[in-house]
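Student: Here it is: the structure, laid out below.
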């Protein structure tokens, strides 16, 4: 059975793709840049690139991978162009506008944002976007074992940051 490649197309198709992937693109951009304003810019750039692309996708998984890769690349461009502090203390990170309604969720998000990017992105993609370690490895262009190692180290750092809140002090 031969499948017809999916192509970027008209306004209705683009609106459907935006509706389907908007939270993934925005969430990844926010996780990568740490800024709502930068995530907004990346979001717009990603879907503008999608609109302008003449790409033929093999299937929906290929389209999703293209959106993830484009989001990563544009986020990298935004963060490279803006002077930033590499590590923000957790107390300072909490002062940023809260993306969630529940205080507990915001505390976890702030802790996640304080992780180095190499640990933050795999954890975000695994838990927030429900991607497999293999899909994350493809998106980040690393081996699956590297993804698992980064997630393990990131979880350990989160455990330390959130000690007393969610984990026993022992």
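The values are calculated or read from the model by the stated rules, or taken from the named source; none is laboratory data. Keep in mind that what you see is a predicted model, and the values were worked out from it rather than measured. In this analysis, Cβ positions are derived from the backbone assuming ideal geometry, glycine residues included, and neighbour counts consider all displayed protein chains.
Matching residues to (1) farther than 16 Å from residue 33 by Cβ; (2) touching a helix residue (DSSP H, G or I) at 6+ places or on another chain (Cβ under 7 Å); (3) at pLDDT below 95; (4) not assigned by TED's automatic domain parsing to the domain that holds residue 32:
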{"residue": "136", "(1), (2), (3), (4)": "yes, yes, yes, yes"}
{"residue": "141", "(1), (2), (3), (4)": "yes, no, yes, yes"}
{"residue": "154", "(1), (2), (3), (4)": "yes, yes, no, yes"}
{"residue": "170", "(1), (2), (3), (4)": "yes, no, yes, yes"}
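Student: A further question follows. Among 59, 40, which is the only one that is in contact with a helix residue (DSSP H, G or I) (Cβ under 9 Å, 6 or more places away or on another chain), at pLDDT 90 or above and farther than 26 Å from residue 150 by Cα?
Tutor: So the residue among 59, 40 that is in contact with a helix residue (DSSP H, G or I) (Cβ under 9 Å, 6 or more places away or on another chain), at pLDDT 90 or above and farther than 26 Å from residue 150 by Cα is 40.
Student: So, one more: Out of the residues in region 31-73 meeting the condition of being in contact with a strand residue (DSSP E or B) (Cβ under 8 Å, 6 or more places away or on another chain) and in a helix (DSSP H, G or I), tell me which one is surrounded by the most Cβ atoms within 10 Å (Cβ to Cβ).
Tutor: 63
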